[in-house]
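Peer 1: Structure in structure tokens, see below.
The values are calculated or read from the model by the stated rules, or taken from the named source; none is laboratory data. All of these numbers come straight from a predicted model, not from anything done at the bench. FYI the Cβ positions are ideal-geometry reconstructions off the backbone, even for glycines, and counts take in every protein chain you see. These area figures cover heavy atoms from the full protein model, side chains too; ligands, DNA and RNA do not enter into them. Shrake-Rupley method; radii C 1.70, N 1.55, O 1.52, S 1.80 Å.
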Amino acid sequence: MKIKGILFDFNGTMLFDSELQEKAWEGFLRSKLNKDISNEEIAEHIHGGNNKDVLTYFFNRNFSNEEIKKLEEEKESLYRNMCLEDKDNLKLVKGLPELLDKLKENQIPITIATGAPLKNVEFYFEHLNLNKWFDMSKVVYTDGSFNGKPEPDVFLRAAEKINVNIEECAIFEDAVLGLKAAEKANAGKIFVISSTLDNEKLSEFKKISRIMHDYTEITIDDLLQ
């Protein structure tokens, strides 16, 4: 089936910020729980997850929406400050601007489907010039109204936003939870930016079209065929 729309996960896929995300969560959880987290927990619960699910897992309790918002902003404020302190790395992944230019030139519908909250999305738009390629009103971010990854909701909503059937969408992902969500969504193609995953983890996924280090390894023709 021909690909007619593209959905991008953001963290670890469009921006290589996984190390900063890990440091922010590690600092936050150590301050709140005096707890260290394992590499396995990082891979299985943090990368690709939304804050509500991550907080529920590590605190081992349910939170009210008000509690989630307060804790979320505390952690994300720490993360955003880390991004600003590391401005040399606050940039889109190599080859991505050129691919986005080609997609725009060819009028291919695209959007972002992310587990990040609104304030982070606004931060990315401000500092990465995302409005050059993306319509903010079509970005799907975590707002508490749908299930997080590994459920497929974020990708299904994103496909609806760009008016393309999910079976005709290609998804770019980097994390276990996101790949599970992409497979559950029944996306037409799944491309992996291997910023956080090793081959052993990737071997469990059967619907991956290609694994790449960055976007210099794919052309628009590869993507749409």
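Peer 1: What does the helix-only formula give at 222 nm for the chain: each DSSP H stretch with n ≥ 4 adding -39500 (n - 2.57), the total divided by the residues, and the result rounded to the nearest 500 deg cm²/dmol?
Peer 2: Theoretical 222 nm ellipticity from helices: -12500 deg cm²/dmol.
Peer 1: Taking every DSSP beta bridge that has both residues in the chain, what percent is antiparallel when rounded to the nearest 5?
Peer 2: DSSP beta bridges in the chain are roughly 5 percent antiparallel.
Peer 1: Enumerate the amide H contacts of residue 94 below 5 Å, restricted to partners 5 or more residues apart or on another chain; note that Pro and chain-start residues carry no placed amide H.
Peer 2: Those lying under 5 Å, H to H, from residue 94 are 215.
Peer 1: Sort 59, 191 from largest to smallest accessible area, using a 1.4 Å probe on the heavy atoms of the protein chains.
Peer 2: Largest accessible area first, the residues go 59, 191.
Peer 1: Modelling each spin label as a point 7 Å along the Cα-to-Cβ direction, I'd like the residue 203/residue 125 distance in nm, to one decimal.
Peer 2: 4.3
Peer 1: Could you give the accessible area per residue of the stretch 30-183, probe 1.4 Å, as a whole number in Å²?
Peer 2: Computed with neighbouring chains in place, this is 50 Å² per residue.
Peer 1: Working out 0.36 nm times the residue gap between residue 40 and residue 85, then minus their Cα-Cα distance, what length gain in nm do you get to one decimal?
Peer 2: Once the chain is fully extended between residue 40 and residue 85, it gains 13.5 nm.
Peer 1: Another question about this same structure. Let's see if you can work this out: charge +1 on each Lys and Arg Cβ, -1 on each Asp and Glu Cβ, no other charges. What is the dipole magnitude of the chain about its Cα centre, in debye to the nearest 20?
Peer 2: 440
Peer 1: If you don't mind, another one. At most 16 other C-beta atoms within 10 Å and a DSSP loop state: those are the exposed trypsin sites (Lys or Arg not before Pro) I care about. Give me the longest piece of the chain that has none.
Peer 2: In short, 95-205.
Peer 1: How far is helix 96-105 tilted, in degrees, relative to the longest principal axis of the Cα atoms in the chain, given as a value from 0 to 90 rounded to the nearest 10?
Peer 2: The answer is roughly 50 degrees.
Peer 1: How big is D, in µm² s⁻¹, for the stretch 19-175 by Stokes-Einstein at 10 °C and 1.306 mPa s if Rh is the Kirkwood radius over C-alpha pairs?
Peer 2: Once the numbers are plugged in, D ends up at 94 µm²/s.
Peer 1: Oh, and also: With unit charges on the beta carbon (Lys/Arg positive, Asp/Glu negative), name the residue among 129, 39, 144 whose Cα is farthest towards the positive pole of the charge dipole of the chain.
Peer 2: The Cα lying farthest towards the positive end belongs to 144.
Peer 1: Also, quick follow-up: Leaving out ligands, DNA and RNA, what percent of the accessible area of the stretch 1-90 is carbon and sulfur, probe 1.4 Å?
Peer 2: Roughly 43 percent, rounded to a whole number.
Peer 1: Given points 7 Å out from each Cα along the Cα-Cβ axis, report the residue 211 to residue 106 separation in nanometres with one decimal.
Peer 2: A separation of 2.5 nm, rounded to one decimal place.
Peer 1: Using Cα-Cα distances under 8 Å and only pairs 6 or more residues apart, what relative contact order does the chain have, in percent?
Peer 2: 30
Peer 1: May I ask you to evaluate 6.51 cos²θ - 1.76 cosθ + 1.60, the Karplus curve with θ = phi - 60°, for each residue of the stretch 77-82 and list the ³J(HN,Hα) values in order in whole Hz, giving x for glycine and proline?
Peer 2: Per residue, the Karplus-derived 3J(HN,Hα) values read 5, 4, 5, 5, 5, 4 Hz.
Peer 1: Once you put a point 7 Å from the Cα of residue 194 and another 7 Å from the Cα of residue 33, both along the Cβ direction, what distance in nm separates them?
Peer 2: Rounded to a tenth, the inter-label distance reads 3.1 nm.
Peer 1: Right, next: For the stretch 60-126, count all C-alpha to C-alpha pairs, find those more than 21 Å apart, and express that count as a whole percent of the total.
Peer 2: Above the 21 Å cut-off, the stretch 60-126 has 44 percent of its Cα pairs.
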